[in-house]
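Notes to accompany the following structure.
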């Protein structure tokens, strides 16, 4: 998106309101009123063919009648007239459009066609457009002071820029922010995102000196791959905190493979956020909990937290929440504890968390907070206070912020039971200390600050490339499609993996039982025997696999029994797969599910019960750096098992990391791969790599057009 177009939208020297109205309650009235009330610093041009003046400002029948240049046009006329208005803006030479009008893609049918025509006009006249179906934009900079929305609550000035895909939520967010004392640099309601997207705003706001924090309400990603690249770069400079709706989609897709059953757009969204350092809030309330903390306090240097309280219960709740989010209680130095013991009430508990009890005075509370913040073993503090009747809560709030300002460490506060309307809350927030209704909110917010600090300092790694045989893999996949199949045979799956350097156990397909012995000699005993057929997916469930066969007689007997058992169940056996018996490995799973929005996302976890019952897996979206792949491995709860526990040797984590990267390259190169399961993969001892023992590759069903191109029944063309 052209930068000058976005500049015209957010910093216009002149604005035309197309559809400005004299009637309160109309959107065209409210937008013009907000621009005037908030003292917009540019020139306003109301456009209304039925009015000579609105709000005391001369009106024009058409934007083409405005005598001066216009940077931004805000269109509020009904959908039937919006296209004509947009074309007039293009002819006028307007650079930016904000289309408030609804009745486009969101209504389906004729609205889809209408939006396509609107977008075509933007391309024809080089217009940059926000919307349609949005609530407008805001820029609080003193040189601009633009509130081009119909929101009833004027925003406070601050360092937060907010983008939302929901206009209704945007209004609620602006109202809630003002009650919390949270101010904005910029605000944008994207609406249908026909042209300007979240990615465009992230790129713009990354370089915006007024924007310190970016908040986002996201319903869907237009281009997830671009988002990963842009957000990864942006979060190195400033935090992005997002609410992403659609959690209920997780696990909704039915699929035959283990990887598919773990899939879902929300899981892919989690992978996007984890890779890019975007902090995901669970709700709008938590979004502002985090926004207050980030906007008012410095980031912690570490995760060692001290708690100062006048009541034990809230402090314990705070500790539980901190530990659950990866924080830990600071170990106070003996000198700190001795100092507090010299003046604290006898009933007080001076081991972190510090409980001064209701017997502690205001001065005790102040000195305790100052003492822990002065301790080199403390990275941050949470002040918890249950205001008793005998102490003015404003005095306590003042003690907290005065102690906080003397130290370069984050301090968050929980005034139990005191909301944004209380005097103590106002005193704290107006002096840059975030205050929360409950201790858990303060703990979660501080933990989010620490996670972001970790992300900002972490190494991003490199995008590695590998020497692969893409032609070999493509030949196999094309043949499967031509034969009208979706599921690759075991030998085909193994060959595709080998083409990309993914290590597999030696495997051969044998059609006749009498040929098994000779093939087994080539592989070397012991071997694994597996039946092959279109209905044989989960071999263990069908008793279609036997491990550790040592002799030819055992092999032939096992194959004969397996064949008879399956045919008695009316299951077709097309042959057998012979495989080397890999011993001494630990089972892991690697896989891929292709999401309709995000494309391929990779799955990693330990095999067996860990994936089946504990769902202890991690996710990643290609392209992955080597550090992304390592973080996928290290993020599962059972990672210590891979490093060796209770006498077990450590496994070859470096080789597994490379396997994840190679798998990412494979599924990125071939959109035809819908799902892929490598289960089990045996992780061998450190330095010995791994072996893929079983592979299942499922192709997506080709579209009708693709099927026509590859249909073998079609006669060759004469041309």
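Figure legend: label point modelled 7 angstrom from the Cα of residue 178 along Cα→Cβ; residues of the range 26-46 with amide N under 17 Å from it are 30-40.
From the Cα gyration tensor of the range 470-528, with a ≥ b ≥ c the square roots of its eigenvalues, which class applies: rounded if a/c is under 1.5, or else prolate if a/b is larger than b/c, or else oblate? Judged from the Cα gyration tensor, the range 470-528 comes out oblate (a/c at least 1.5, b/c at or above a/b).
The separation of the range 596-674 from the range 451-485, counted between C-alpha centres, amounts to 13 Å. Annotation for residue 141 and residue 430: the two label points, set 7 Å from Cα along the Cα-Cβ direction, are 2.9 nm apart. Which of rounded, prolate, oblate describes the range 470-580, given a ≥ b ≥ c as roots of the alpha-carbon gyration tensor eigenvalues and a/c under 1.5 marking rounded, otherwise prolate only if a/b is larger than b/c? Oblate, since a/c reaches 1.5 and b/c is not below a/b. Here the peptides 472-478, 149-155 are ranked by packing, the mean other Cβ count within 10 Å, and the order with the highest first is 149-155, 472-478. Cβ-Cβ distance of residue 341 and residue 685, R₀ of 51 Å, FRET efficiency by 1/(1 + (r/R0)^6): the value works out to about 0.45. In the chain, helices alone account for a calculated mean residue ellipticity at 222 nm of -11500 deg cm²/dmol, with every DSSP H run of four or more residues adding -39,500 (n - 2.57). Once Cα extents along the principal axes in Å is calculated for the structure shown, the corresponding label among (i) 96, 86, 41; (ii) 104, 70, 48; (iii) 81, 63, 61 turns out to be (i). Taking other C-beta atoms within 10 angstrom as a stand-in for reagent exposure, 335, 672, 349 fall in the order 335, 349, 672, fewest first. This ranking places 567, 512 by how few other beta-carbon atoms lie within 10 Å of each, fewest first, which gives 512, 567. How would you classify the range 66-180 from its alpha-carbon gyration tensor, with a ≥ b ≥ c the square roots of the eigenvalues: rounded for a/c under 1.5, else prolate if a/b is greater than b/c, otherwise oblate? Oblate, because a/c is 1.5 or more while a/b does not exceed b/c. Listed by Cβ neighbour count within 10 Å, with the fewest neighbours leading, 317, 449 appear as 317, 449.
Relative contact order for the range 298-457: what is it in percent, counting Cα pairs under 8 Å that are at least 6 residues apart?
Relative contact order for the range 298-457 comes out at 29 percent.
The stretch between residue 283 and residue 392, if pulled fully straight at 0.36 nm per residue, gains 36.0 nm over its current Cα-Cα span.
Spatial offset of the range 210-224 relative to the range 349-412 amounts to 36 Å, using the alpha carbon center of each. Placing a label point 7 Å from the Cα of residue 506 along the Cα-to-Cβ direction, the residues of the range 663-703 whose backbone N falls under 20 Å of that point are 681-685, 688-695. If R0 equals 30 Å, the separation of the Cβ atoms of residue 168 and residue 110 corresponds to a calculated FRET efficiency of about 0.80.
Using alpha-carbon pairs under 8 Å, 6+ residues apart, how would you state the relative contact order of the chain in percent? The normalised contact order for the chain reaches 8 percent.
Compute the separation of the alpha-carbon centres of the range 99-171 and the range 63-93 and state it in Å as a whole number. Between the Cα centre of the range 99-171 and that of the range 63-93, the gap is 15 Å.
Of all beta bridges that DSSP places with both ends in the chain, some 50 percent have antiparallel geometry.
Label zone of residue 550 (point 7 Å out along Cα→Cβ, amide N under 17 Å): in the range 564-587 this covers 581-584.
FYI, it's all coordinate maths here, none of it is from the lab. Source: prediction; values computed, not measured. Note: ideal-geometry Cβ built from the backbone for every residue, glycine included; neighbour counts use all protein chains shown.
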